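J.: There's a structure below that I have some questions on.
The values are calculated or read from the model by the stated rules, or taken from the named source; none is laboratory data. Source: prediction; values computed, not measured. Reconstructed Cβ throughout: ideal geometry from the backbone, glycine too, with neighbour counts over all protein chains shown. Quick note on the areas: whole protein, heavy atoms, side chains included, nothing else; ligands and nucleic acids left out. Shrake-Rupley method; radii C 1.70, N 1.55, O 1.52, S 1.80 Å.
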Amino acid sequence: MGFLEKNLIPGIHGMVFTINTKNEKDRAKVKKVLLKMPEIADVIFNTEAYPEEMTVSTNKVIAVEKLQKALIPYSFHALRKTLTGY
């Protein structure tokens, strides 16, 4: 895996993840947990997609694994979509 696949890089486009949230309460919890991390700038959810997606924007480089591990204690699993979108 390359640098771009293992890390979120700063920018407005962010990285898209699939996430196992089921309702607004779950999404609020995920957003709260992620925004506590100093590297995370914004979290946007796409509830029109199945499975649900979230786009995470950062202001510093952060490892994808660090983001994923922050959500596991709350029973949420974020899976990075590939760079091609499939």
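J.: For segment 28-66, how many residues are in a helix (DSSP H, G or I) and either modelled with pLDDT under 95 or open to solvent by 30 Å² or more (accessible area, probe 1.4 Å) (or both)? Before the answer, list the steps.
T.: Taking segment 28-66 and keeping what is in a helix (DSSP H, G or I), we get 28-35, 64-66.
After this cut, where a residue has to be either modelled with pLDDT under 95 or open to solvent by 30 Å² or more (accessible area, probe 1.4 Å) (or both) as well, the list is 28-29, 31-32, 35, 64-66.
Count: 8.
J.: What pairs can you find where one residue is in segment 44-59 and closer than 13 Å to residue 22 by Cβ, the other is part of a loop (DSSP other than H, G, I, E, B), and their Cβ atoms are less than 6 Å apart, with a gap of 6+ or different chains?
T.: 52/21
J.: Can you find, within segment 67-86, the residue that is surrounded by the fewest Cβ atoms within 10 Å (Cβ to Cβ) among those that are modelled with pLDDT of 90 or more and in a loop (DSSP other than H, G, I, E, B)?
T.: Here the residue is 75.
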